[in-house]
Amino acid sequence: MRRQQTGLSLIESLISLVILSVGLLGVTKLQLSLNKATQVSRERVEAMALARNQIEQMRDTGSCSAGSVGPTTPYQGSTSYTLNIACTTATLPVVTVTWVDSTGSSNNAVIQTNL
C-alpha cells in the first residue's frame, strides 16, 4: 500500500522562504530607489518655485536687478538653495538656482523670461 503525501516537506518550505525573501529584498530596494527619486524631485520643484518667486518679485518692480540671493532653506527640509540673477537686458532676467541634493550631487535650475 502506498501512502499519499500531504503537506509540505521541510525542503519545499525552505525553498519557498528563499524565493519570498529574494522577492521582498527586490521590492525593498525598489522602494528605497523611489524614495530617493521622490526627494530629488521635491528639491527640484522647490528650486523652480524659488526661481519663479524671484521673477515675480522682479515683475512687481518692473526691472531686473542682478545679484545673488541665499543661501536659503525654504519651506521644509534641510536643502540649501542659492539664487543667482543675471540680467541680459533690463527686462530679461536669467535666474539660476543651485543646490546640493540629498544624494550629494550638485544641481541647478535655470529660468529665463521677459518681465
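Output the number of the condition that Ser78 fails; it satisfies all remaining conditions of (1) closer than 20 Å to Pro93 by Cα; (2) not in a helix (DSSP H, G or I).
(1)
Only one of these is out of contact with any strand residue (DSSP E or B) (no Cβ under 8 Å at 6 or more places or on another chain), surrounded by 13 or more Cβ atoms within 10 Å (Cβ to Cβ) and not aliphatic (A, V, I, L, M): Thr28, Thr103, Thr91, Thr38. Name it.
So the residue among Thr28, Thr103, Thr91, Thr38 that is out of contact with any strand residue (DSSP E or B) (no Cβ under 8 Å at 6 or more places or on another chain), surrounded by 13 or more Cβ atoms within 10 Å (Cβ to Cβ) and not aliphatic (A, V, I, L, M) is Thr91.
On the basis of being at pLDDT 90 or above and under 16 Å from the mean Cα position of the chain (by Cα), does Leu32 make the cut?
Criteria met by Leu32.
Just to check your reading of the model, which residue among Cys64, Cys87 is in a loop (DSSP other than H, G, I, E, B), of a type in the set (A, V, I, L, M, F, W, C) and at pLDDT below 90?
Numbers: Cys87 fails: in a loop (DSSP other than H, G, I, E, B).
It is Cys64.
The values are calculated or read from the model by the stated rules, or taken from the named source; none is laboratory data. Please read all numbers here as calculations on a predicted model, not as lab measurements. With ideal geometry, Cβ positions are generated from the backbone for all residues, glycine too; neighbour counts draw on all protein chains shown.
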